[in-house]
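What follows is a set of notes on a single structure, which appears directly below.
The values are calculated or read from the model by the stated rules, or taken from the named source; none is laboratory data. Bear in mind that the values here come from a model prediction, so they are computed numbers and not experimental data. All Cβ positions, even for glycine, are placed from backbone atoms using ideal geometry, and neighbour counts span all protein chains on display. Heads up: the accessible areas ignore ligands, DNA and RNA and are worked out on the full protein's heavy atoms, side chains in. Shrake-Rupley method; radii C 1.70, N 1.55, O 1.52, S 1.80 Å.
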Amino acid sequence: MYICLCHGVSDKKIEQAIDDGARSMRDLSKELKVGSQCGKCCNCTKKILNQKLIDIVDVTDDVA
């Protein structure tokens, strides 16, 4: 699903950027330009970011 229409960024691209090391909205904005134009994508992007970060922490807890 497209999250940022201004820059054509999908949820999969956002998830991939997080998997590749993005850890903040600033990181995602630098890499993918999300939130840098109209800003309507910020809420959805933050939800994806927060969920992915929670998933990363949960996996890490299982490993340790």
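Laid out as a table, the results:
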item: Among the candidates Ile48, Ile3, Ile54, Ile14, residue that is of a type in the set (A, V, I, L, M, F, W, C), more than 11 Å from the chain's Cα centre (by Cα) and on the phi < 0 side of the Ramachandran plot; result: Ile54
item: Every pair of residues 6+ apart whose Cβ atoms lie under 8 Å, when the first sits in segment 16-29 and is at pLDDT 95 or above while the second is open to solvent by less than 100 Å² (accessible area, probe 1.4 Å) and polar (S, T, N, Q); result: Met25/Thr45; Leu28/Thr45; Ser29/Ser36
item: Residues of segment 1-14 satisfying the condition of being touching a helix residue (DSSP H, G or I) at 6+ places or on another chain (Cβ under 9 Å) and either over 16 Å from Leu53 (Cβ atoms) or crowded, with 17+ Cβ neighbours inside 10 Å (or both); result: Met1, Tyr2, Ile3, Cys4, His7, Val9, Lys13, Ile14
item: Residue in segment 34-57 that is among the β-branched types (Val, Ile, Thr), surrounded by 12 or more Cβ atoms within 10 Å (Cβ to Cβ) and modelled with pLDDT under 95 present; result: yes
